Amino acid sequence: MSDERTLDLLEAKIRELQELNKIDGMDLHAEITKLEAKLEDLRVALYADLSDWDRVKIARHAKRPYACDYFENVFTDFYELHGDRFAGDDRALVTGLARLDNKPVVVMGQQKGRSTEENKERFFGMPRPQGYRKAQRILRLAERFDLPVISLVDTAGAYPGLESESGNIGGAIAQNLALMSHLRVPIVVCVVGEGGSGGALAIGVGDRILMLENATFSVISPEGAAAILWKDKERIREAAEALQLTAGKLLELGLIDEVIPEPLGGAHKDWPSVFESVRTALIRHIDQMESIPRDQLVESRYLRYRGIGEFRTLAEA
């Protein structure tokens, strides 16, 4: 998507003319209108037919809203909770209490950094074992007080370092999967950026799975799949297509429940509209599940995941 640079330059030029237009004696309305029309035409042409790899790059865009941006703009009264009561806190996974449409909820989400320093602090949005154990603590708190859970997924995967392995990252993820599978409260998962591997699935088990239009959700990254399957990292476009990782394709497969539209160009182009779309969708799904008996809720969640995929027995084959 090299043409996006052209759009950025054109947007900068329009802003420059708008500033000049404020000067007395200058009337640049005609030029600004002409450039805005050209910008819209170019944007429509560029984003009319995105490939799966194009959507991967949009999902990773550094200017997309992150979890904490949603916590501050979609919810009210957000109050962060820290620590796993065992090894410490993990800044890559943020958890807390908040209100959605004035109703108390429990929220959690993976948080990337905006700068090199913040990325180091947050381990580039890749949680360690203490992050997932912190999630377990907040999930049990939600069940204790009968609060709906909202999980925002945006990670390349769990942190792969020696510290994670020695802290039993696989076990922490497995415990999350087990806990979320039988938690007796409504769970809505929304993939807002990258949904990478077990690191994403660890907070991705729910009664409703939503995805932003340009988000991705996959067992492995296109780069990893290309390297493993074809021993050629240059075949990432082919790998992205084969993984069926985009929101539209996952909706067709029945793995998610709703695709939340993004503004033309991606969520980073218009944060307020994305916040409103996500807020509306979350409220709708939480309201739908509010009156469902808890036993039925857990049973439906089990059947949902038990029914994923297709298979044939040897006799049928």
* **Size of electric dipole in the chain: Cβ of Lys, Arg +1 and of Asp, Glu -1, about Cα centre, debye, nearest 20** => 1060 debye
* To do: Evaluate the charge dipole of segment 4-49 about its Cα centre and quote only its size in Debye, nearest 20, assuming +1 on the Cβ of each Lys and Arg and -1 on the Cβ of each Asp and Glu.
  => 60 debye
* Asked: Each residue of segment 12-20 in order: what ³J(HN,Hα) in whole Hz does its phi give by Karplus 6.51 cos²θ - 1.76 cosθ + 1.60, θ = phi - 60°, with x for Gly and Pro?
  -> 5, 5, 5, 4, 5, 5, 5, 5, 5
* Could you go through segment 225-233 in sequence order and give the Karplus-derived ³J(HN,Hα) for each residue, using 6.51 cos²θ - 1.76 cosθ + 1.60 with θ = phi - 60°, rounded to whole Hz, and x for Gly and Pro? => 5, 5, 5, 7, 7, 10, 6, 8, 5
* Dimensionless Rg/Rh of segment 4-76 - Kirkwood Rh, Rg from C-alpha atoms -> 1.12
* Structure fact -> Of segment 35-65, those with amide N under 17 Å from the point 7 Å along the Cα→Cβ vector of residue 11 are 35-48, 55, 57-65
* With labels modelled as points extended 7 Å from the Cα through the Cβ direction, what inter-label distance (nm, one decimal) is found for residue 162 paired with residue 137? -> 2.7 nm
* Structure fact -> Any residue on another chain or 5+ positions along whose placed amide H is under 5 Å from the amide H of residue 213 is listed here as 260, 262
* Structure fact -> Which of 57/231; 63/112; 112/249 exceed 19 Å between C-alpha atoms? The answer is 57/231; 112/249
* **Per-peptide average of other Cβ atoms within 10 Å, ordering 26-35, 236-245, 272-281 highest first** => 236-245, 272-281, 26-35
* To do: Measure nothing but the geometry: give the 0 to 90° angle between the long axis through the Cα atoms of 271-289 and the longest principal axis through the Cα atoms of the chain, rounded to 10°.
  => 30 degrees
* State whether segment 55-306 is rounded, prolate or oblate according to the following rule on the C-alpha gyration tensor (a ≥ b ≥ c being the square roots of its eigenvalues): a/c under 1.5 gives rounded; otherwise a/b larger than b/c gives prolate, and the remaining case gives oblate. => rounded
* To do: Mind ranking 222-228, 194-200, 149-155 by how tightly packed they are, going by the mean number of other C-beta atoms within 10 angstrom, highest first?
  => 149-155, 194-200, 222-228
* **Nearest-0.05 FRET efficiency for residue 121 and residue 251, computed from C-beta distance (R0 41 Å)** => 0.75
* To do: Report the net charge of residues surrounding residue 284, where surrounding means a beta-carbon distance below 14 angstrom and charges are Lys +1, Arg +1, Asp -1, Glu -1.
  => -4
* Asked: Which one of 10, 288, 50 is farthest out on the positive end of the charge dipole of the chain, using unit charges on Cβ (Lys, Arg +1; Asp, Glu -1) and the Cα centre as origin?
  -> 288
* Asked: If the label point is 7 Å along Cα→Cβ of residue 284, which residues in segment 213-246 have backbone nitrogen under 17 Å from it?
  -> 213-214
* Structure fact -> A chain fully extended from residue 39 to residue 313 at 0.36 nm per residue, minus the present Cα-Cα distance, gains in nm 93.2 nm
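Where a number appears in this text, it was derived from the coordinates with a stated rule and is not lab data. Everything quoted here is computed from the prediction, not taken from an experiment. All Cβ positions, even for glycine, are placed from backbone atoms using ideal geometry, and neighbour counts span all protein chains on display.
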